[in-house]
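Here is the structure we will look at.
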Amino acid sequence: MAMPAVEKSGYVAQQVDDVYATKSFTSADSHDGFVEGFSPAEQKKIIHRIDRRLVPTVGLMYCVSLMDRTNLSAAAIAGMTKELKLNVGFRYSIVTLVFFITYVLFQPPSTVLCRKIGPRVYLSVITLLWGSIMIAMGFSKNWTTLAGLRVILGVLEAGFFPGCVRNTESKEGQTSI
């Protein structure tokens, strides 16, 4: 006897939560065996539930990423250039540039690392480290420390976009992206 739609959707949601809580999917895993057990309507509800959790979180993280890329210019206007003597020579340009050099250079290796570690752990770790670096930048006393922290920030942020793509890919499958 078929369960009513309301109870069935709650059952499906609980079953999805249980499966994702106990198993970390990778590209080697086959989602087909899991997905085939649900009707197309239930599959659509599952994907919608995942999207409701995933998209706002990734969107918020991406907003923070964009803010910290542009906060150097705001801090410069607020007086950081005088305090750290960034107005001497090309210091401000160097501090700005080192972030993007490491961002571009470390994106391919970070993609490989994300595939090996898994997007959930990888994104959590880089986001935590990235926040720590942002806090440390507020306490830097000279421009060389700031430049070093920007290098590390570039390395960490290089993994963010590939990690988000990998996370979405592992949750929804490659065909839905």
Through the Karplus equation 6.51 cos²θ - 1.76 cosθ + 1.60, θ set to phi - 60°, convert the phi angles of segment 115-120 into ³J(HN,Hα) values in whole Hz; use x for Gly and Pro.
5, 6, 7, x, x, 5
Report, to the nearest whole %, how much of the accessible area of segment 66-116 belongs to carbon and sulfur atoms, 1.4 Å probe, protein only.
71
Which ³J(HN,Hα) values, rounded to whole Hz and listed in residue order, are derived for segment 151-161 from phi using the Karplus coefficients 6.51, -1.76 and 1.60 in 6.51 cos²θ - 1.76 cosθ + 1.60 with θ = phi - 60°, glycine and proline given as x?
4, 5, 4, x, 5, 5, 6, 4, x, 5, 4
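Heavy-atom accessible area per residue, segment 47-121, 1.4 Å probe: how many Å²? All intermediate terms of the calculation are to be shown ahead of the outcome.
Working: 4990 Å² over 75 residues.
Here the residues of segment 47-121 average 66 Å² of exposed surface.
Local charge sum around Thr145 (other residues, Cβ-Cβ under 14 Å, Lys/Arg +1, Asp/Glu -1)? Show your work: numbers first, answer last.
Details: positive: Lys85, Arg91, Lys141, Arg150; negative: Glu83.
Residues near Thr145 contribute +3 overall.
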Reported to the nearest 10 Å², Ile94 has, with a 1.4 Å probe, an accessible area equal to 70
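The values are calculated or read from the model by the stated rules, or taken from the named source; none is laboratory data. All of these numbers come straight from a predicted model, not from anything done at the bench. We place every Cβ from the backbone using ideal geometry, glycine too, and count neighbours over all the protein chains shown. Just the protein is used for accessible areas: all its heavy atoms, side chains included, with ligands, DNA and RNA removed. Shrake-Rupley method; radii C 1.70, N 1.55, O 1.52, S 1.80 Å.
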